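Data first, discussion second: the structure below is written as structure tokens.
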Amino acid sequence: MYSPLDKPDGQNNQNSNYYTCKANVPEIFNYVLKDILTGALGKNSSRALERGQIKEIRIYDSSNTLKRSVVYTYSSDPGRYDQYVSSIYMTGTAEQRMAWLAYELSDLYLGGSALSFEILHSYCIYTFPVYLEEEKTTDYYGSPSITNITRYRYNNKKLKSTIITYNSRGDSLKTIIRYPSDINIGVYSNMNTLNMLNFPVEQITLKNNKYTGSTLTTYKAVSSTNYVPDKIYSLEITSPLTSFTYFNGSSRDSHYGTFPEITYDSYSNTGNLRQMTGRDETPVSYLWDAGGIYPMAQVRGATYSQIISYDGKACDYPGISLWTGLNTTVPAAQFSTYSYKPLTGIATATNTRGVTTNYTYDLSRRLFIVRDDDKNILNRYRYGYRNYPDNGLGGYRTVTGYISTPSVVTKGISSTSYATASGGTGSYSYNWYLKNSSGTVISSCLNSSLNTFPFTCYQTGSYYTQYEVTDNLLGKELHVPVAALHVVYLFAVLL
């Protein structure tokens, strides 16, 4: 990679017209020259933006034989250093570190006289882009080798406009990319004015200067400041063309054909796609959350107008509930639905078969666990940082709990047990059981979201209630012996 050895900073002490250095005891400059002091303490014109770029990649086999090398060349125009912002740097003994230096210099050269100095100089902040201009790939097959060279060119908007590859057979493969600024009329002029520059309109491919393919994306306005794709066309040819007409904003080359590959039918006012139609004339529609940030559903085989009543849900609206509603409204369509944890990430994804994948995040909002529909763990992620140990629970505490229940109940009269759980993510489900003294389950309530369990004993004797708590997001279950749960025996008394 390019380092300071390849791209050293520019010194700012070469021309005395661009720096000044003053001291209250000028004799110090008899020992330490001004330009040396300025060069050592000043701020150079940094070429850091050219460093860290990949210079060359070499690939070797297990025998340490070179098999491939890729050499990269970046911005080679010597005039690039004319693109900069002029800046001024000032320092002196008002800074503590400089005051210490002045003390040391005075002690060394001036016999301890009080010394102060100030330095002021100009330097450059370079603003030129670091273009990748050439990529040279060589594959080695013993002594023979095959070399391909790819060159990149950029337009006056600093966007990649041409890619040319020369292979070992002597063929040239070229891609031309055209942007709104290349057309600059109508919609495309407005896009250019709004600095919507990096939106490829036409991408044309040539082999040995004959046209072999092209993709055209036209744009339209959904508001005065928002422009979006309208249609996508592909070149329909059976042999290369010797001539081709570039899109001019209204008319296109006749070889594009009549029917677009994709038509973008409908957008929201903020530019979110609501419906598109492919060449097979099958509509694909999209639902978004109330804020227009998160995509909530993709529906293939139904128009947006058919599902509009489901648009604008809260981003954490259950994906399976949305899936069930769509299945009722447009059962012939195929759809996937999603829900999100705000400012964190996707929470659930329900596929076209109605199977849901669940995503859980740790306390630092990093993906922690991916689970299937049956709460089985598919993937678990752990992050280790110094002085921030991973407890295997994403930073959450272990789930703990206890039970509160009456010691005596009346036969045939309803009573209630209460569960208290803490730790984990705080989202729990409960399995409740009423058992007799032999451990036989008399009644139960499974997968309940309630931490209360109403029950009725219809026979006298000894009973006890028990519960299991599951953290819905972590999938962690709390199985604790009865004694550990503080279970109290219940006596149903016959009156």
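The values are calculated or read from the model by the stated rules, or taken from the named source; none is laboratory data. Here the structure is a predicted model, which is why all the values come from computation and not from measurement. Note: ideal-geometry Cβ built from the backbone for every residue, glycine included; neighbour counts use all protein chains shown. Areas reflect the complete protein model, heavy atoms only, side chains present, ligands, DNA and RNA absent. Shrake-Rupley method; radii C 1.70, N 1.55, O 1.52, S 1.80 Å.
Suppose we filter the range 429-460 for residues that are assigned to a strand (DSSP E or B) and open to solvent by 30 Å² or more (accessible area, probe 1.4 Å); how many remain?
Counting residues in the range 429-460 that are assigned to a strand (DSSP E or B) and open to solvent by 30 Å² or more (accessible area, probe 1.4 Å) gives 13.
Would you point out which residue out of 99, 94 is surrounded by 10 or more Cβ atoms within 10 Å (Cβ to Cβ), without any contact (Cβ under 8 Å) to a residue 60 or more places away in the chain and assigned to a loop (DSSP other than H, G, I, E, B)?
94
Please tell me if residue 460 is hydroxyl-bearing (Ser, Thr, Tyr) and within 30 Å of residue 351 (Cβ to Cβ).
no
If I go through the range 209-251 residue by residue, how many of them are part of a loop (DSSP other than H, G, I, E, B) and in contact with a Gly (Cβ under 6 Å, 6 or more places away or on another chain)?
The total comes to 3.
Keeping to the range 225-237, report how many residues are within 29 Å of the chain's Cα centre (by Cα) and of a type outside the set (Ser, Thr, Tyr).
Residues of the range 225-237 within 29 Å of the chain's Cα centre (by Cα): 225-232.
Now drop any that are not of a type outside the set (Ser, Thr, Tyr), which leaves 226, 228-232.
So the answer is 6.
For the range 429-464, give me each residue that is β-branched (Val, Ile, Thr) and within 49 Å of the chain's Cα centre (by Cα).
Result: 452, single match.
Cβ-Cβ distance below 6 Å, separation of 6 or more or different chains: which pairs start in the range 27-41 with a residue that is farther than 15 Å from residue 102 by Cβ and end on one that is assigned to a helix (DSSP H, G or I) and at pLDDT 95 or above?
Pairs found: none.
Identify all residues within the range 311-325 that are in a helix (DSSP H, G or I) and over 18 Å from residue 346 (Cβ atoms); write none if there are none.
324, 325, listed by residue number.
Please identify the pairs in which a residue from the range 237-266 that is without any contact (Cβ under 8 Å) to a residue 40 or more places away in the chain has its Cβ atom under 6 Å from the Cβ atom of a residue that is among the polar types (S, T, N, Q) and not in a strand (DSSP E or B), counting only partners at least 6 apart or on another chain.
Final answer for the pair search is 253/245.
Does at least one position in the range 321-337 carry a residue that is open to solvent by 50 Å² or more (accessible area, probe 1.4 Å), at pLDDT below 95 and out of contact with any Asp or Glu (no Cβ under 9 Å at 6 or more places or on another chain)?
No, the range 321-337 contains no residue that is open to solvent by 50 Å² or more (accessible area, probe 1.4 Å), at pLDDT below 95 and out of contact with any Asp or Glu (no Cβ under 9 Å at 6 or more places or on another chain).
Residues that are more than 26 Å from residue 200 (Cα to Cα): list the strands (runs of 3 or more DSSP E) wholly contained in the range 120-188 that include at least 3 such residues.
Hits in the range 120-188: 132-140, 145-154.
Kindly indicate whether any position in the range 298-312 is at pLDDT 95 or above, within 25 Å of the chain's Cα centre (by Cα), over 27 Å from residue 278 (Cα atoms) and surrounded by fewer than 19 Cβ atoms within 10 Å (Cβ to Cβ).
no
Do you know which residues across the range 267-294 are aliphatic (A, V, I, L, M) and either in contact (Cβ under 8 Å) with a residue 60 or more places away in the chain or in contact with a Phe, Trp or Tyr (Cβ under 8 Å, 6 or more places away or on another chain) (or both)?
273, 276, 287
Identify, please: which residue in the range 238-285 is more than 32 Å from the chain's Cα centre (by Cα) and open to solvent by less than 50 Å² (accessible area, probe 1.4 Å) and is, among those, nearest to residue 332 (Cα to Cα)?
Across the range 238-285, the extreme among qualifying residues is 257.
Looking only at the range 374-428, filter to residues that are charged (D, E, K, R) and assigned to a loop (DSSP other than H, G, I, E, B); which one of those is farthest from the chain's Cα centre (by Cα)?
Applying the filter and picking the extreme gives 411.
Say whether the condition of being of a type in the set (A, V, I, L, M), open to solvent by less than 50 Å² (accessible area, probe 1.4 Å) and over 30 Å from residue 335 (Cβ atoms) is met by at least one residue in the range 218-229. Walk me through how you get there before you give the answer.
Initially, the range 218-229 is screened for residues of a type in the set (A, V, I, L, M), giving 221-222, 228.
After this cut, where a residue has to be open to solvent by less than 50 Å² (accessible area, probe 1.4 Å) as well, the list is 222, 228.
Next cut, over 30 Å from residue 335 (Cβ atoms) only: none.
No, the range 218-229 has no match at all.
Just to be sure I understand, how many residues within the range 54-79 are touching a strand residue (DSSP E or B) at 6+ places or on another chain (Cβ under 8 Å) and more than 30 Å from residue 143 (Cα to Cα)?
2
Quick check on my filter: what residues within the range 26-49 are over 29 Å from residue 82 (Cα atoms) and either at pLDDT below 90 or open to solvent by less than 30 Å² (accessible area, probe 1.4 Å) (or both)?
Result: 28, 32.
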